[in-house]
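The values are calculated or read from the model by the stated rules, or taken from the named source; none is laboratory data. The structure displayed is predicted, hence computed values, not measured ones. Quick reminder, even Gly has a Cβ in these numbers, built from the backbone with ideal geometry, and neighbours come from all protein chains shown. All accessible areas refer to the heavy atoms of the entire protein, side chains included, with ligands and DNA or RNA removed. Shrake-Rupley method; radii C 1.70, N 1.55, O 1.52, S 1.80 Å.
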Amino acid sequence: MIGQNNVSEKAALFVMEEAEQKKQRQFLKVFPWYAGLSSDLLFWVAIDTLFFTVVRKLSPAQIVSLTSVSVIGGIILQGPSLFVIKKIGNTASVRLGSLFLLLSSIFLAFGPTYILIGVGKILYELAFTFKNMGNAMLENNLALSGQGDRYVKIRTRSNTIYAVITMLISFVAGVMFNFNNYLPVVAAIFFCLICFVLSFFMEDLSEKNAGGALPPKTNNSGEKIHYTRLVILILLSFGLFYPVTNSGQSNGKLLIQDVLLGSTDVEKTALIISAILSVSRIIRVISNLFFSRIYDRFKDRVGVALPVLLLLSLILHILGFYLPAPLPVKILVMSAGYMIILFIRDPFKVYAENLMLKSVSISQQQSMLTALDFFRKIIRALMSLSFTAVLTYNHIVVVVEILAALSVAEIFISLILYKAVSKRAARTDG
């Protein structure tokens, strides 16, 4: 009887392991598509301001204020969100975030009042706070199967899916909007629904793993959060780099537009801007296709190279603006700067997330991913308010010059971070 019981236990253990392996394979198939399709509100981002202006009849001031409302709301709700995430775990958090994204798309599309549209924008911010736990799920599941070094490759694959789809959308969104103003927003809701369904095919297997399959550093669920020097540097580096990149992208486009409008008519300006955006989308796809190979070769040195490229992109914007040259030359120089920003944006996000997840234990992952998002929102809000004041009395090029100065600070932070990471690697190897 004892022998039979042992055989039964071994058989049950084998079945359980087979079931977990099946879930792992399913997760790795679904995650890149889920992460790629839910990286933003597909279709919506291509026509959002146009939809608010033409359909919802919002003024420019109201449209701008919606961004401030959503960012401030996201900052205020960051603490309660983290509390909920810790209570329900990564798997449920991703599903809840997917639901928030779906509700956000519905409120933004059909909210009849400014307040309900504002609720939609806040739900949008909350969605990504919860959805970010998908990155912890990926790290944990890869660690369970001894594939931790595949994080960058899989995250880059999801960014590639997003970049390709948004590139294709950029060619058809305007046509769809002209055919029917609601067609792009209905498409956005449809994709959010798909992502919500996909979230139920993903699971953080480490939440059920009590057998110690993960590395020893990740099994201390009662561990207190320690903001080590390395963690603080990662937070500072990401918190500054990403808002500067976002602002550089939006203000860089405005600067190019301003130069064009000063020398040509609106129709030609629209065509040239459209061409620049289309090429930049292709550059973004190429960036995501090759980043995993670049990272495999250069490792943590990319953490310094990307901020240097950020500075170069902003310098090209400024140089193109002041350059005493024919308009085509000025636009080519500025466009090169704009495309560099699109090239570096996704890779740095993947790099920072991967570095943070590998620098902390499972008990800290939720807090640290939320902290990355929190630092980004705080600096984004401060920059938004500051630049609004600056633009009251100055040209848009002044904002780009300030961004260039901030990118210099980012390079210094990235150098210090690289030294800290190198020292940690040396201690681990020793």
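Some observations on this one:
- For the chain, with +1 on Lys and Arg beta carbons and -1 on Asp and Glu, the positive-most of THR264, PHE201, LEU42 along the dipole: PHE201
- Straight-line cross-link reach from LYS57 at under 20 Å between alpha-carbon atoms covers these lysines, not counting any fewer than eight positions away in the same chain: LYS121.
- Proportion of all alpha-carbon pairs of region 279-430 beyond 27 Å (%): 33
- Once both labels are positioned 7 Å from their Cα atoms along Cα-to-Cβ, the gap between VAL54 and ALA275 label points is 2.4 nm.
- Per-residue SASA entry for VAL84, accessible area with 1.4 Å probe, Å² rounded to 10: 50
- Helical runs assigned H by DSSP (4 residues or longer) give the chain a calculated mean residue ellipticity at 222 nm of -29500 deg cm²/dmol, each run adding -39500 (n - 2.57) before division by the residue total.
- Computed with a 1.4 Å probe over protein heavy atoms only, the accessible area of LYS358 comes to about 70 Å².
- Here the mean projected area of the convex hull built on the C-alpha positions of region 278-338 is 4.6 nm².
- Heavy-atom accessible area ranking, 1.4 Å probe, most first, across TYR322, TYR114: TYR322, TYR114
- Of the whole protein surface, ILE396 contributes about 20 Å² of accessible area at a 1.4 Å probe radius.
- C-alpha long axis of helix 396-429 to longest principal axis of the chain, angle in °: 20
- Measuring r between the beta carbons of SER386 and GLN21 and using R0 = 41 Å, the FRET efficiency lands at 0.20.
- Considering only CYS192, ILE344, ALA173, the residue lying farthest towards the positive end of the dipole of the chain is ILE344, judged by Cα position with unit charges set on Cβ.
- Helix 183-198 and the longest principal axis of the C-alpha atoms of the chain enclose an angle of approximately 20°.
- When ASP346, ASP149 are compared by accessible area of protein heavy atoms, the largest-first order is ASP149, ASP346, using a 1.4 Å probe.
- Angle of helix 114-131 to the longest C-alpha principal axis of the chain, folded into 0 to 90 degrees and rounded to 10: 40°.
- Prolate/oblate/rounded label for region 41-168 (Cα gyration tensor, a/c 1.5): oblate
- Accessible area of region 294-424 belonging to carbon and sulfur atoms, whole % at 1.4 Å probe: 74
- For a paramagnetic label modelled on LEU415 (point 7 Å from Cα along Cα→Cβ), amide N atoms under 17 Å away belong, within region 304-326, to 304-312.
- Dipole axis of the chain (+1 Lys, Arg; -1 Asp, Glu on Cβ), positive-most option in ILE273, SER158, LEU355: LEU355
- Note on SER367 and ASN180: the model spin-label points, each 7 Å out from Cα along the C-beta direction, lie 5.0 nm apart.
- Distance between the modelled labels on VAL30 and HIS395, one decimal in nanometres: 5.3 nm (7 Å Cα→Cβ projection).
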